[in-house]
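Undergrad: Before we start, here is the structure in question, set down as structure tokens.
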Amino acid sequence: MSNIAAGMGRKKKQAVFVFIFIAALLLQILMPLQVQAYAPDEELLTQGIYMVNLDTNTVVYEKSPNEKMYPASLTKIMTAIIAIENCDLQEEATAPSYIYDEFVGINVSHANIQAGETLTIENLLYAMLMQSANEAAKIIADHVGGGSIDTFVEMMNNKAKELGANNTHFVNPHGLFDEQQYTTPYDMYLITKYAMGLDGFMDYVTTLTKEIGPTNLKDSLVVSNRISMMQSSSPYYYEPLRGIKTGTLVESGRCFISTATLDGYTYLLVMMGSPYVDENGDELATNYAFTEAKTLYEWAFSSFRVKTLVQLNQSYTEVPVNLGKDKDLVQAVAAEDFSYLLMDEIEVSSIVTTPQVMESVDAPVREGDQLGTLQIMLAGEQIGTVPLVAGDSVELDPLQANLAKVKEFFSSFIVKFVFLTILIFLILYITVMVIRNYNKKRYSRTRSRSRGRTRSRSRRRR
């Protein structure tokens, strides 16, 4: 029984190891890993930044990632998500006249879509995401919301919560200023990364020029992308950059979300609150959202490399095997490779790996059985885990197994109880027999003496 209990204990430990590994793996998938604190040498003026390497899901730089800020036209990314997920992109929507009331007397980005004009949802998405057309955003909201902008905004907020953007709140679909419309750099990362996985989204945000006409009111309607960094004629041009969305308000500063790929590495960069106006309220000549985006990309591409820290089948420790045939140890090897984004200057030898395995395991052991996990540490922080499994198989030794069963049988509580009971009865029996014999002998002696006295008295009478 004790061996059975020990075996069950080991199996429970093994199950715990599996659970811990799965939990850690899910956590790594759902949450970006954090690279050690590094930053470009140049001081950055942008207030909120969140930069992630998408190949490894690793945060390489952040600045005030959870500070609430005004999103401006970054809002339109969520509007696009709701439209893509709730519409046939070829269905048509007609611009109702009431949506233009909000824009009277103010200067807003538009695509010159007029009241009563009909476009497909897909073409409205091009106009909204490329040219940041505010009327396109409201036409989409009216159409998807069944004539109610409020219904559409409610869908936006529900989606934000679903994506884990818990510090985000929308009140309109276009991003014009409202104190109750806010988000964070981290939340915009969650929203944008999700949008990037939707069919067509990256096409909308990376197209430079799009002919979306004719319409029922125009012979031609053309929209152009507002991201200068994708235009080769611009002084801000940066060839690796692709999309995604700009947003600008006096209250929000310049906002810019982009992605860039170079030498097999891809980054997603959220920037919010870049300087837009000077102390006099005049627009700055330099677009710091663009210049600082380029600074961050060049720094990341030149500074980080994915390095393999753990290799498949590499042995890290040995685990004792109980009842094994010809083997009493099994190698605990890595079940998979583990790579991590590191600064070029960091050597793989500086990584600390700590195996956490079972105290022992019962045969039979099959190659690939879970034995524990390997903790991977950098500068005192855990950056990942890898399962450790049996490197080979160990068969059960029948002789040892039978001896163990015998030992287990004789060490069981029931056997001990029966043996003790028999022993007690035996002791009691012997005691009773000794007392009985003693009494019998005593009785015999007493009787003999009594007969002797009787014979003596008889002789004296004679």
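Undergrad: Among DSSP beta bridges whose residues both lie in segment 33-306, state the antiparallel percentage, nearest 5. Provide the component values of the computation, followed by the final result.
TA: Values: 36 of 38 bridges.
Given both bridge residues lie in segment 33-306, the antiparallel proportion sits at roughly 95 percent.
Undergrad: How big, on average over all directions, is the shadow cast by the Cα convex hull of segment 33-306, in nm²? Could you put the intermediate results ahead of the total?
TA: On the way: hull surface 57.8 nm².
About 14.5 nm², averaged over all directions.
Read the figures in this text as sums done on the coordinates, not as results from a lab. Note that this is a predicted model, so its numbers are computed, not measured.
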